[in-house]
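Engineer: Handing you this structure, nothing more for now.
The values are calculated or read from the model by the stated rules, or taken from the named source; none is laboratory data. What you see is a predicted model, and the numbers here were worked out from it, not measured in a lab. So basically every Cβ, Gly included, is an ideal-geometry build from the backbone, and we count neighbours across all protein chains shown. Surface accessibility is based on the protein's heavy atoms, side chains included, excluding ligands, DNA and RNA. Shrake-Rupley method; radii C 1.70, N 1.55, O 1.52, S 1.80 Å.
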Amino acid sequence: MGTLFKITLYAPEEAAARSAAEAAFHRVVTLDEIMSDYQADSELMRLCEAPPGQPVRVSADLFDVLEQAQRFSALSGGAFDVTVGPFVRLWRFARKKKAVPAPAEVNAAAASVGYKKLRLDRRERTITLLAPNMRLDLGGIAKGYAADQALAVLKGRGLTRALVAASGDIAVGDPPPGQRGWKVALAAMGGVTNEITRTVLLSNAGISTSGDTEQYVEIGGTRYSHIVDPSTGLGLTHRLQVTIIAPRATTTDALATGVSVLGPERGLALVDSLPRTAALILTRSNGQDRVWTSRRFNGIAFQK
């Protein structure tokens, strides 16, 4: 999934810990083979090769993650959208060439983008692409989903005190022995490497951070994020860093992307409408930094 996965866990003996960790990592590898858009033979990419209008029966995992993705697309009004793949592909080339895609290219790609162009049939467990040249991109939800699934494997083996980290997406179970929660450090926006703004204590939750501190490109004096706005086909230009806390990392991963696109005001309104969900948003404009928090942030996350 283009990143490193790390598991931290507590077990009564080393053998049990190693066996459980290997099973959890195997689960991640399996999901990567299903959901990768870098592997031409992944199940996701095979689905994208299907003719428009043809229902394709998919695995339970792929259907599950797409069903959850569609839910977050509807909640965010399309700010989160896994059909954004054609735009993402344009921006991957743009970042290499350091040239904004031509309007004609963006317009052509737009014909294949839109979460309503994806039809799911739960009863038959099929996915139907409703437009030509669609390309699904699970980069905004797959890592969180995989972290949740790896944690579930560990819990299934009785190891509930565990943390699964997939870069900016983390799933945590019960706290470490003698602790109230797992300490998760939140990085400063645009700061030096490993500069920490605050620490949160979490248990049985997910947390994700999204922003353009590390992944961006400057073209013609404008800084573009790697996060693409599905409504424009262009990388975001407003500077912000979004951290979401919720019961599951699948939720936090998707919302971190969606809220980044929505911006602070609309993003916080969405977060506040969801139960047991909180957000911290850092913005920078004209050299001025601002901190935005959702109503539940201080109640869910203990700040040290």
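Engineer: Answer with yes or no whether residue 11 is open to solvent by 30 Å² or more (accessible area, probe 1.4 Å), of a type in the set (A, V, I, L, M, F, W, C) and either under 16 Å from residue 163 (Cα atoms) or touching a residue at least 40 places away in the same chain (Cβ under 8 Å) (or both).
Structural biologist: yes
Engineer: Hey, another quick one. Output the number of the condition that residue 41 fails; it satisfies all remaining conditions of (1) open to solvent by 20 Å² or more (accessible area, probe 1.4 Å); (2) in contact (Cβ under 8 Å) with a residue 24 or more places away in the chain.
Structural biologist: Against the list (1) open to solvent by 20 Å² or more (accessible area, probe 1.4 Å); (2) in contact (Cβ under 8 Å) with a residue 24 or more places away in the chain, residue 41 comes up short only on (2).
Engineer: Would you confirm, using the coordinates I've provided, whether residue 260 is at pLDDT 90 or above, of a type outside the set (D, E, K, R) and either over 20 Å from the mean Cα position of the chain (by Cα) or part of a loop (DSSP other than H, G, I, E, B) (or both)?
Structural biologist: So residue 260 does not fit the description; no.
Engineer: Counting residues that are open to solvent by less than 30 Å² (accessible area, probe 1.4 Å), aliphatic (A, V, I, L, M) and closer than 21 Å to residue 64 by Cα, which strands (runs of 3 or more DSSP E) fully inside the range 127-206 reach at least 1?
Structural biologist: Once the strands (runs of 3 or more DSSP E) in the range 127-206 are filtered for at least 1 residues that are open to solvent by less than 30 Å² (accessible area, probe 1.4 Å), aliphatic (A, V, I, L, M) and closer than 21 Å to residue 64 by Cα, what remains is 162-166, 169-172.
Engineer: Additional query: Before we move on, is residue 69 among the hydrophobic types (A, V, I, L, M, F, W, C), at pLDDT 95 or above and closer than 21 Å to residue 147 by Cβ?
Structural biologist: yes
Engineer: Could you list, in sequence order, the residues of the range 49-76 that are touching a residue at least 40 places away in the same chain (Cβ under 8 Å), over 13 Å from residue 129 (Cα atoms) and either basic (Lys, Arg) or surrounded by fewer than 13 Cβ atoms within 10 Å (Cβ to Cβ) (or both)?
Structural biologist: 60, 74
Engineer: Hey, another quick one. For the range 216-234, how many residues are touching a residue at least 12 places away in the same chain (Cβ under 8 Å), assigned to a loop (DSSP other than H, G, I, E, B) and not β-branched (Val, Ile, Thr)?
Structural biologist: 7
Engineer: Also, I was wondering about something else. Anything in the range 86-116 that is under 19 Å from residue 68 (Cβ atoms) and surrounded by fewer than 17 Cβ atoms within 10 Å (Cβ to Cβ)? List them, or say none.
Structural biologist: Scanning the range 86-116 gives a single hit, 116.
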